[in-house]
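The values are calculated or read from the model by the stated rules, or taken from the named source; none is laboratory data. Since this is a predicted model, take the numbers as computed values, not measurements. Every residue, glycine among them, receives a Cβ derived from its backbone with ideal geometry; neighbour counts consider all protein chains shown.
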Amino acid sequence: MLPVALQNRFKGELAAEHPLAPLTTWRIGGPAELYLEPASPEELADAVHALWRIGMPYRVLGGGSNLLVPDRGVRGAVLSLARLRGVHFDEEIVVAEAGALLHQIVSKAAEWGCGGLEALAGIPGQLGGAIFGNAGSRLGSISEVAMWIDLMDEDGTLERVVPDGQFFRYRASKVGTRVVVRAGLAVRPDDATRLQESKHEMLRERLATQPGWIGNAGCVFKNPDGDSAGRLIDAAGCKGWHEGPVAVSAIHANFFENAGGGRAEDVRKLTDRVRAQVDRQFGVELRMEVRRWD
Ligand SMILES: Cc1cc2nc3c(=O)[nH]c(=O)nc-3n(C[C@H](O)[C@H](O)[C@H](O)COP(=O)(O)OP(=O)(O)OC[C@H]3O[C@@H](n4cnc5c(N)ncnc54)[C@H](O)[C@@H]3O)c2cc1C
């Protein structure tokens with residue numbers, strides 16, 4: 001357990017055996033042995049340092065929109081950055097805390113007449129998760145606008161990293177076991193009305209081609225070089241396949257939808273079947289985009 005002194009001064013949420021399923025868009029998974037939702041970056045540093053000192057492993061939860069939590073839950077601590085949501089504009093850079101939702105950042109930037117973040121419009125989840133997985137769309141990825149990133153080490157120390165050409169790859173980064181605390185995003189002056197319109201255009205496009213934000217976790221697999229995982233899954237005849245209440249979406253074959261009551265085990269079985277079928281039909285080995293906490 002955490003030192004009593006830390007527990008007593010902790011202003012955020014601190015709970016044992018805390019359910020995680022409601023904090024993921026898939027609504028799947030068991031509880032966290034210890035759940036911490038720090039109220040400030042200082043409290044986050046305190047918590048990370050305390051966990052390090054008692055040797056308790058931790059994981060970081062963002063918006064839970066690209067995550068599969070196992071049915072048995074997770075041992076150790078889960079740190080949620082949901083309360084660290086500040087966003088401000090600072091000398092041609094939008095500075096956001098890791099728990100800020102992408103849509104909140106894109107909307108604020110548009111209001112301030114700051115362009116350059118349009119590629120991120122309509123992607124669920126938080127800034128920290130987006131940096132961890134180098135989130136993006138057909139218009140580009142967050143790697144193209146991340147000027148600097150404040151990363152917290154396992155002992156609670158903070159380092160400002162300016163990403164070089166090696167830091168980001170397709171839907172991956174070198175964040176590793178560190179915690180993304182905040183980042184500076186490059187923007188350029190643009191017309192606020194035009195930016196709002198382009199944001200709405202991206203949202204309309206998503207509504208027409210993808211299921212909504214709840215009951216799925218976005219793309220299950222990464223796109224293989226020069227192709228689309230959704231196209232391959234569809235062409236392999238997997239649309240509509242299901243395991244219990246979890247099914248390959250009829251709208252977008254790379255999304256697996258939980259109709260309610262689905263389990264991580266259902267997702268795992270469906271993932272294995274779909275991957276094997278695509279391999280059999282096209283000789284392509286699909287790799288997971290969704291992070292699994294097992
Ligand atoms: C309907 C829908 C549409 C989607 N469309 C897209 C899309 O177009 N493009 C795209 O790229 N993705 C898409 N996704 C997937 C998802 O939204 C993104 O991957 C998102 O960036 C994940 O962020 P998150 O905060 O939800 O992270 P989570 O799912 O909570 O976590 C994902 C990983 O990031 C790590 N992490 C989270 N926060 C931090 C932090 N602060 N520090 C260190 N590690 C952290 C977690 O430990 C975990 O390993 C979609 C998902 C849905 C449900």
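Residues of the range 51-71 that are touching a residue at least 60 places away in the same chain (Cβ under 8 Å) and more than 19 Å from Trp293 (Cα to Cα): Trp52 alone.
Checking the stated criteria, Leu44 turns out to be assigned to a helix (DSSP H, G or I), within 15 Å of the ligand (Cβ to nearest atom), within 20 Å of the chain's Cα centre (by Cα) and closer than 25 Å to Gly86 by Cα. Just one of the listed residues (Val180, Val187) is modelled with pLDDT of 95 or more, among the β-branched types (Val, Ile, Thr), closer than 24 Å to Arg291 by Cα and out of contact with any Ser or Thr (no Cβ under 6 Å at 6 or more places or on another chain), and it is Val180.
For the range 85-125, the candidate set comprises residues that are surrounded by 22 or more Cβ atoms within 10 Å (Cβ to Cβ) and not aliphatic (A, V, I, L, M); within that set, the residue that is nearest to the ligand (Cβ to nearest atom) is Gly125.
Confirm whether Gly226 is on the phi > 0 side of the Ramachandran plot and either acidic (Asp, Glu) or part of a loop (DSSP other than H, G, I, E, B) (or both). Taking the combined requirement at face value, the residue satisfies it.
In this entry, Gly156 is excluded by the filter for residues that are buried (at least 19 other Cβ atoms within 10 Å of the Cβ) and more than 13 Å from the ligand (Cβ to nearest atom). The condition (being in contact (Cβ under 8 Å) with a residue 40 or more places away in the chain, near the ligand (Cβ under 9 Å from one of its atoms) and surrounded by fewer than 23 Cβ atoms within 10 Å (Cβ to Cβ)) is satisfied by just one residue among Ser137, Ser141: Ser137.
Residues that are out of contact with any helix residue (DSSP H, G or I) (no Cβ under 9 Å at 6 or more places or on another chain) and of a type in the set (D, E, K, R) were ranked within the range 175-190; the one that is surrounded by the most Cβ atoms within 10 Å (Cβ to Cβ) is Arg178.
Any idea which of Leu34, Leu23 is under 18 Å from the mean Cα position of the chain (by Cα) and either at positive phi or modelled with pLDDT of 95 or more (or both)? Even if it seems obvious, please write down each step before you answer.
On the way: Leu34 fails: under 18 Å from the mean Cα position of the chain (by Cα).
Of Leu34, Leu23, the one residue that is under 18 Å from the mean Cα position of the chain (by Cα) and either at positive phi or modelled with pLDDT of 95 or more (or both) is Leu23.
Within the range 48-63, how many residues are away from the ligand (no atom under 13 Å from the Cβ) and either under 18 Å from Val180 (Cβ atoms) or buried (at least 24 other Cβ atoms within 10 Å of the Cβ) (or both)? Can you show your working first?
Residues of the range 48-63 away from the ligand (no atom under 13 Å from the Cβ): 49-56.
Adding the requirement that they be either under 18 Å from Val180 (Cβ atoms) or buried (at least 24 other Cβ atoms within 10 Å of the Cβ) (or both) leaves 49, 51-52.
The number of residues fulfilling the criteria is 3.
Checking the structure you have, find out if any residue of the range 264-272 is in contact (Cβ under 8 Å) with a residue 40 or more places away in the chain and either in contact with a helix residue (DSSP H, G or I) (Cβ under 9 Å, 6 or more places away or on another chain) or of a type in the set (Ser, Thr, Tyr) (or both). Within the range 264-272, one or more residues are in contact (Cβ under 8 Å) with a residue 40 or more places away in the chain and either in contact with a helix residue (DSSP H, G or I) (Cβ under 9 Å, 6 or more places away or on another chain) or of a type in the set (Ser, Thr, Tyr) (or both).
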